[in-house]
1. Under the condition of being part of a loop (DSSP other than H, G, I, E, B) and free of Cβ contacts under 8 Å to residues at least 12 places away in the same chain, which residue from the range 48-74 is nearest to Glu37 (Cα to Cα)?
2. Where the second residue is of a type outside the set (A, V, I, L, M, F, W, C) and the first is farther than 20 Å from Val215 by Cβ and lies in the range 75-86, which pairs have Cβ atoms under 6 Å and are six or more apart or on separate chains?
3. State whether one or more residues within the range 6-14 are outside any loop (DSSP other than H, G, I, E, B) and crowded, with 18+ Cβ neighbours inside 10 Å.
4. If I ask for residues that are part of a helix (DSSP H, G or I) and surrounded by fewer than 21 Cβ atoms within 10 Å (Cβ to Cβ), which ones from the range 350-384 would you list?
5. Just checking, which of Ala201, Ala235 is more than 23 Å from the chain's Cα centre (by Cα) and either at pLDDT below 95 or surrounded by 15 or more Cβ atoms within 10 Å (Cβ to Cβ) (or both)?
6. Picking from Ser328, Ser347, which residue would you name as being surrounded by 24 or more Cβ atoms within 10 Å (Cβ to Cβ), among the small types (Gly, Ala, Ser) and over 14 Å from the mean Cα position of the chain (by Cα)?
Amino acid sequence: MTEPSPSVAPTPTEGHCDSAFAAVGNAFRENFRLHDEVGAALSIRIDGKTVVDLWGGHRDAARTRPWEHDTLVNAYSVGKGIAAMLVLSLVERGELDLDEPISRIWPEFAVEGKSGTTLRMILAHRAGLPGVRKELADDAMYSWSTMTEALAEQAPYWEPGTAHGYHVNTFGFLVGEPLVRRIGHPFAEALRRRVTGPLGADFYIGLPASEHARVAELIQHTPPKNVDAREVLMAHFRTGEPERDAMLQATYMNPIGLSGFGTVNGRGWRLASIPSTNGHGTARAVAALYDHFLTHDVTQNGFVGPGLRDEAIATHSEGLDEVLGKPSRFGLGFQLAQPTRRVGTASGFGHYGYGGTLGFADPETGVAFGYLMNRPGQRWQTPRTNALLDALDESLGLPRWVEPNEDRREGDTAPDEKIST
């Protein structure tokens, strides 16, 4: 995509930016001018105080509807971190156990070598279930029971606990079903009762129809009309190794719209509970949730105490990822900092979403960060996200980050950069 000329009139932005973080405000505005941002919001808190709360641009590709202070947008995998907060809140209160086989709650799961699989393994992406093996109907992702039943009955792709691989789209169903069975509420209701509702956080997994009018349109790259979209998508997951290709296609494309491609702007997608990929919210809500997780313990109505928080952000998986084919690093439901995945300083934890959306918290700096937009980028290192993070580092007086050489190459994209992170 050709970058806009510097002479283009600046896109109006609104909100508040503390003078100490003027560089962040400038980077947010410059993303519209230099990197073709369409609509976006950014919120940053430090030790509970909001220092940046900005929004701007448009909710639609035609750029006719302005982005408002309460505009919601699909956050893709940013929702994984928020789903993890919910699950961990039940662990903190003894309602779930990290190391108890989940088959004790979910008996149907105890087949095909999965009887010893624990919640800890699933949260750390070690369960061996990144995709569904049997072919599913195109709309299967809208049915919680269809997805969880298919996962329960199948054999894993590797022995649970022996390796890790990013469970791109199955993570939410796998961590969610034990929770649903234990407390007896649908996932969307549990999230509202336990996490978002008490904080008044504007974030949903399973968006009520009453809220659809304020959702921003996701702007996706689509193939020409004379090109088979399914074939184009499947081509991204052909490595020449039949078994790996089958796993990748199941991970990202079974059912075909599971990652949101071609479905993300539909009513069915918004109504469904797909915790890995279809959380809808504001950047303000994402930052507020991470701030609360970082700064409040259970005596302050927090989700977890300091012990479980430390355990959740400790390294549980590290090294070559069986799905991504490159290194990844996970705690319990959170991505952890590594050279190619910035989440604050080395102590940071959070989760990226497709094309550069991001939510994280950083114990070293006290930062809680939320950035959501409606035109996803196409690279592992999204220039718009990096510009915001560079400006934040500058404002905090942190050393300048250097982009790893291995990620400078055009086309150096893992499957999740094409579809969902």
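1. Ala62
2. Cβ pairs passing all conditions: Gly81/Gly350; Gly81/His351; Gly81/Gly359; Ala84/Gly333; Leu86/Arg194.
3. yes
4. Matches in the range 350-384: Pro383 only.
5. Ala235
6. Only one candidate qualifies: Ser328.
Yes or no, residue by residue, for (1) among the hydrophobic types (A, V, I, L, M, F, W, C); (2) in a loop (DSSP other than H, G, I, E, B); (3) modelled with pLDDT under 95:
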| position | (1), (2), (3) |
| --- | --- |
| Gly260 | no, yes, yes |
| Ile274 | yes, yes, no |
| Tyr290 | no, no, no |
| Asp310 | no, no, no |
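Quick grid of which residues meet (1) over 23 Å from His125 (Cβ atoms); (2) among the aromatic types (Phe, Trp, Tyr):
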| residue | (1), (2) |
| --- | --- |
| Trp158 | no, yes |
| Gly172 | no, no |
| Leu179 | no, no |
| Ile183 | yes, no |
| Glu189 | yes, no |
| Arg193 | yes, no |
| Thr196 | yes, no |
| Tyr204 | yes, yes |
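The values are calculated or read from the model by the stated rules, or taken from the named source; none is laboratory data. Please read these numbers as outputs of a predicted model, since none were measured by experiment. All Cβ positions, even for glycine, are placed from backbone atoms using ideal geometry, and neighbour counts span all protein chains on display.
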